[in-house]
Structures are given as C-alpha cells and as structure tokens.
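See structure below.
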Amino acid sequence: MQLAYGPIPNSRASPSRTSVEPDPRLHPSDPGFSQSGRRRCWVAGSIHPGEEGAILHAHIQLSQQFPDLLTVIVPRQIETATNILEMVEARGVPALVMTRASQPIRDARICIVATIGDLPSIYSECPISYVGNSLLPDGMGHNLAEPAYASSAVVCGPNLGPFQEMADEMQGKSGDKAVLQVADSSELVEAVRYLLANPDELKRRQVAAKDAVNAVSEDILNTVWSQVKERVIEPALEPLGCSAAIKQEEMLANPLGDYLLQMLDAHHDRWGKVYRFQPGSNV
C-alpha cells in the first residue's frame, strides 16, 4: 500500500504522484449493503482505552436513524481488539475483529481493525473520521492531518494536547470548516449524525479539511524555504558574486531539495509528519 503522507525515505515523488489506495474491505457486495453498493460508514481512528464506550454508544444511537451504518474502530493498541469485541457483543451488536486484508465484513455493524498500517486507506474510504485520544480527560489527540489529507471530514474531542495548534491553524484556513471539535460524547453523536444526514455539508467539510491541511503544509514549507535561502544559500553565493535567484521549485527538484525536506521532517515535531509536495501541485 502506498501512503500519501509522512516521510518517504529515498523518494522524490511529489504528492501529485502518490495516492491513498482504496480499501476493498469497505466495498463488499453482500445484501447487507445499501443499493448504491456502499454502506454509510465512519471510523474512530487511533482510539485509546476508555474511548470504546463512547464509540459504541454513538453507534447504537446513530444506527436507530441509519440502520445500515458501519462503524469502524481502529484501536491504537491492537491487542485491545478482543476486549472491545466482547464489549460490543455484550450489547448485542454484530461485530468482528479484522485481522487480515481480505477478510469480509458481511453482516457486521462494527468492524474492529487489528492490523497495522491500514488506517490511512480506511480514512480514505470513510467520509467521517473521529480522531482518537481526544475525548479522554487526559487525552493528547493524534495527527488530524492524516484523515484530512485523505479527504475525510475530521471530528475530534476537546483534548488535543499539542495537536490543538494544528486544529486552530486548519480552522483558520477553512472558515472553521476543516475540524469539527466536540465537547463530549453526546456532541460526538450529534456531530456524526448531522454529517451523515447532510451529504452536501459533509462534502464541504471533506474538501475543507484537505484544502486546509494543504494550505498549512505550504505555509510551513515556505517558512523553512525562506530561512534556508536567507541563512544558507545567499551567504554561500555572496562571496562568489552570484545571484540567489533560485526558484523554490528548482530547489525541491534536486538533492538539496531532499535536504530541505529532511529539515522539514526534523524541525516540525508538532505536526508528527510533514507532507511532501511541490508548490502548485494539487495534493
């Protein structure tokens, strides 16, 4: 599976040439799916122990209005999948633990993913993504850019820790449409319900999330580029009497551009991952 985010060792491929591949597991053809061939679905990604109850409660409430709803739970610690399954089955909800890529979903209403590395493709297939570790009182959130980059509407709780700055920047770039931040589990239910019931608004938020993360990523790149040009390139060329009129696009197309990308990855820890793209490309 080819990832469209994060450091890509020894690669110069621009994001316009990378993609998040569809997850065929969310496109089964059994009778339990809607007439369009796809079920309504949402994902709770990277949830931490203590959030399972809120996600299960949300599913039960939402399924009263959307009986075909598929809730995908991706625990941060895959060893907790069995415990989550027992909790779900105790409430009488059909569920399964997914342990391999080809495993069919069939009649399950909750799918608990116990694989490593599949979350990016799941984000790309689920139009709504709750980002875990944000409803807990001591939560620190996770990288909101991952679902946003996959064009999934981003929902999160009130406790994002260091990722709150990311949420604020994305909101500032999108007119408060990129991130839907809720106060508690009750608001989570209503937020997901609202998006499921209003496809036009859902689409707007999907687009806003991706546009916002692209805009903030470009700001980061431009800032670092300006510093590199001012502090490294121009001082090196000045004794030679050379001009520093090098274009940013040319910089990213050569080995020095790779060095710039390494600097981005190293100096922006608050993002967790910094995106590789070229100016002007549609990431």
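Does Pro94 satisfy being touching a residue at least 12 places away in the same chain (Cβ under 8 Å) and more than 11 Å from Gly45 (Cβ to Cβ)? Give the derivation first.
Numbers: touching a residue at least 12 places away in the same chain (Cβ under 8 Å): yes; more than 11 Å from Gly45 (Cβ to Cβ): yes.
It is true that Pro94 is touching a residue at least 12 places away in the same chain (Cβ under 8 Å) and more than 11 Å from Gly45 (Cβ to Cβ).
Take Pro199 and tell me if it is loosely packed, with under 12 Cβ neighbours inside 10 Å and closer than 30 Å to Leu62 by Cβ.
Spelling it out, Pro199 is indeed loosely packed, with under 12 Cβ neighbours inside 10 Å and closer than 30 Å to Leu62 by Cβ.
Output the residues belonging to the range 115-126 that are surrounded by fewer than 20 Cβ atoms within 10 Å (Cβ to Cβ) and either in contact with a strand residue (DSSP E or B) (Cβ under 6 Å, 6 or more places away or on another chain) or within 19 Å of Val154 (Cα to Cα) (or both).
If the condition is that a residue be surrounded by fewer than 20 Cβ atoms within 10 Å (Cβ to Cβ) and either in contact with a strand residue (DSSP E or B) (Cβ under 6 Å, 6 or more places away or on another chain) or within 19 Å of Val154 (Cα to Cα) (or both), then Asp118 is the only one that fits.
Report, ordered by the first and then the second residue, all pairs with beta carbons closer than 7 Å, sequence separation of six or more or different chains, a first member in the range 144-156 that is over 18 Å from Tyr194 (Cα atoms), and a second member that is aliphatic (A, V, I, L, M) and part of a strand (DSSP E or B).
Final answer for the pair search is Leu144/Val131; Leu144/Val154; Leu144/Val179; Pro147/Val131; Pro147/Val154; Ala148/Val154.
Is it the case that the range 75-87 has a residue that's within 12 Å of Trp42 (Cα to Cα) and surrounded by 16 or more Cβ atoms within 10 Å (Cβ to Cβ)?
There is no residue in the range 75-87 that is within 12 Å of Trp42 (Cα to Cα) and surrounded by 16 or more Cβ atoms within 10 Å (Cβ to Cβ).
Just checking, how many residues over the range 139-166 are at positive phi and within 9 Å of the chain's Cα centre (by Cα)? It would help to see each step written out before you state the result.
Step one: list which residues in the range 139-166 are at positive phi, which gives 141, 151, 161.
The next check asks that each one be within 9 Å of the chain's Cα centre (by Cα); those that pass are 151.
Of the residues in that region, 1 qualify.
Might you let me know whether the range 88-110 holds any residue that is assigned to a loop (DSSP other than H, G, I, E, B), of a type in the set (Val, Ile, Thr), in contact with a Pro (Cβ under 6 Å, 6 or more places away or on another chain) and surrounded by 15 or more Cβ atoms within 10 Å (Cβ to Cβ)?
Within the range 88-110, one or more residues are assigned to a loop (DSSP other than H, G, I, E, B), of a type in the set (Val, Ile, Thr), in contact with a Pro (Cβ under 6 Å, 6 or more places away or on another chain) and surrounded by 15 or more Cβ atoms within 10 Å (Cβ to Cβ).
Every number here is computed from the coordinates shown, using simple stated rules; none is lab data. The model shown is predicted, which means the values in this text are computed figures rather than measured ones. Methodologically, a virtual Cβ is constructed for each residue, glycine included, from the backbone with ideal geometry; neighbour enumeration extends over all protein chains shown.
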